[in-house]
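Presented below is the structure to which this report refers.
Nothing in this text is a laboratory measurement; each read-out follows from the coordinates by a stated rule. Given the structure is predicted, the values throughout are model-derived calculations rather than measurements. No Cβ is skipped: glycine too gets one built from the backbone with ideal geometry, and neighbour counts run over all protein chains shown.
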Amino acid sequence: MNIYTSATTINTDLRVLPMLSGSTVDPWFQFGVPAELAISIALLIAGLLQLLTVSGLWFGRKYSYYMALILPVVILAVNLTYALLTYSAPESLGLRDSTQWSYVVSGVFWVAIYWNYLRKPRVKAYLKVGLDPGPKQVPAAMSSSAPS
């Protein structure tokens, strides 16, 4: 979903960018469209990293544990930034949409779910993270005193 939405928004923003220099365009768009483009690129990258993370989680790769902890927080921050961007627009433009805040609220919910699940001992064991290697064993030949 993030990938499709981001790609669509990037495509639209790239088509609109050349039109921003016109005098009939509200000045907010000269800031808003490039900002939305940057946010959409960040969300597209996060979406692609999610695919890599899901694959890693499926196959029990250690790297995916850390990515699965970090990516939801990054996506939440991106969604919060986008919501703040739309609310920075003048009301007369009609861009303010309360559904943007639902992404932020649901993002907080999902971050809590992911973090709770990923920190369970069985999940960490499957992904081979946080394992206590136990005390190091010193070979008997190295631990004995030098012959007298």
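With charges only on Cβ, +1 for K and R and -1 for D and E, what is the dipole size of the stretch 2-131 about its Cα centre, in debye, rounded to 20? Don't skip to the end; give the middle numbers.
Values: 9 positive and 5 negative charges, 221 e Å.
In total the dipole reaches around 1060 debye.
To the nearest 500 deg cm²/dmol, what mean residue ellipticity at 222 nm is calculated for the chain from DSSP H runs of n ≥ 4 alone, each contributing -39,500 (n - 2.57), summed and divided by the residues?
On the way: 6 runs with 104 residues, N = 148.
Helix-only estimate at 222 nm: -23500 deg cm²/dmol.
Would you be so kind as to identify which of LEU37, VAL123, GLY22 lies farthest towards the positive end of the dipole of the chain, taking Lys and Arg as +1 and Asp and Glu as -1 on Cβ and the Cα centre as origin?
Selected residue: VAL123.
For PHE31 and THR99 in one chain, what is 0.36 nm times their gap in residues minus the Cα-Cα distance, to one decimal in nm? Numbers along the way, then the final one.
Numbers: separation 68, 0.36 × 68 = 24.48 nm, distance 2.17 nm.
Contour length minus Cα-Cα distance gives 22.3 nm.
Relative to the longest principal axis of the chain, what angle (0 to 90°, nearest 10) does the C-alpha long axis of helix 2-16 take?
Roughly 40 degrees between the two axes.
Pairs of lysine in the chain with Cα under 15 Å and at least 8 positions apart or on different chains: total?
4
Whole-Å semi-axes of the chain's equivalent ellipsoid, largest first, each the root of 5 times a Cα gyration tensor eigenvalue? Write down the numbers at each step before the final one.
Details: eigenvalues 480, 54, 35 Å².
Taking √(5λ) for each Cα gyration eigenvalue gives 49, 16, 13 Å.
Specify the angular offset, from 0 to 90 degrees and rounded to the nearest 10, of the alpha carbon long axis of helix 62-88 from the longest principal axis of the alpha carbons in the chain.
That helix lies at roughly 20 degrees to the long axis.
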